[in-house]
Amino acid sequence: MNHYDDLYDILECNRGSSRDEIRKAYRRKARKAHPDGGGSVERFGQLKLAHDTLTDDERRERYDRTGKAEESGPDDRVSAGMQMAVGAVDSVLSAMDKAGTPVWKADVIGLACEQVEGQIQQVKNHIAKGVSSIEKVEKMAKRFKVKKGRQPFLRQAMDAKVASIRDDIRVSRMHVDRLEVALGLLKDHDYDMTPEKSDTPFADIPLSPWWS
């Protein structure tokens, strides 16, 4: 990868900026930076890289951790979603096997979707708690008044706590994104619940008139 300026500086955003804030900053700058608008290909490419990296939770987490921005590569979201979808189906089949349920008596796809939807909701609830925690910590931090000549260590500790919660939220959103991919992949399928002949009661008993 070529050398790039700090991606947050390129968009004039801070490291705590939300995805929507980053997108707005990109749209605002892209108008002037686009070659058709009098900008340069290089500058527009930097803006595009900053936008693509900082609006993708996984790439942003990696950039924040390493300082390295990677050009768009193969999308592993689908691969991760496939693994989660298969895991949900395996979980349903395992439960059916334990209960002795025939494969045609339950909507495997429907049950797998319900399982993934439940996981999505759990993670979203976790994210909501994190957002609420950030709001409370930030309000509390503003109330710390440092005496003259003293170190504002409490405010610094609260800032670190907020940063840690933001990182957790970012990772959680990545997880939701993968789960939603898995849900979409599952919903691309239907499940045939037609009983097989051998599974139908009395299927092998020949029917004959009562008078025979």
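All of the numbers you see were taken from the coordinates with simple rules; none came from a lab. What you are looking at is a predicted structure, and each value in this text was computed from that prediction instead of being measured. So basically every Cβ, Gly included, is an ideal-geometry build from the backbone, and we count neighbours across all protein chains shown.
Starting from 0 in steps of 10 Å, tell me what percent of the Cα-Cα pairs of the range 77-193 lands in each bin.
All Cα pairs considered, the percentages come to 13, 30, 21, 15, 11, 7, 3, 0.
Give me a comma-separated list of calculated 3J(HN,Hα) values for the range 121-129, in order, Karplus coefficients 6.51, -1.76, 1.60 applied at θ = phi - 60°, integers in Hz, x for any Gly or Pro.
Rounded to whole hertz, the list is 5, 4, 5, 5, 5, 4, 5, 4, 5.
Roughly what percent of Cα-Cα pairs across the range 7-66 reach past 14 Å?
51
Rounded to the nearest 500 deg cm²/dmol, what is the calculated helix-only ellipticity per residue at 222 nm for the chain, with -39500 (n - 2.57) per DSSP H run of length n ≥ 4?
-22000 deg cm²/dmol
Quick check: the distance between the Cα centres of the range 149-199 and the range 68-129, to the nearest angstrom?
Going from one Cα centre to the other spans 12 Å.
What size of dipole, in debye to the nearest 20, comes out for the chain about its Cα centre when the only charges are +1 on Lys and Arg C-beta atoms and -1 on Asp and Glu C-beta atoms?
2280
Taking the chain on its own, what percent of its Cα-Cα pair distances exceed 30 Å?
I get 50 percent for the Cα pairs in the chain exceeding 30 Å.
Of LYS24/LYS136; LYS24/LYS147; LYS48/LYS129, which pairs sit farther than 29 Å apart, going by alpha carbon to alpha carbon?
LYS24/LYS147; LYS48/LYS129
Testing the spin-label approximation: label points 7 Å from Cα along Cα→Cβ at ASP190 and GLU21. State their distance in nm.
That separation, rounded to one decimal, is 4.7 nm.
Return one number: the angle in degrees, 0 to 90 and rounded to the nearest 10, between the long axis of the Cα atoms of helix 19-33 and the longest principal axis of the Cα atoms of the chain.
Once rounded, one gets 60 degrees.
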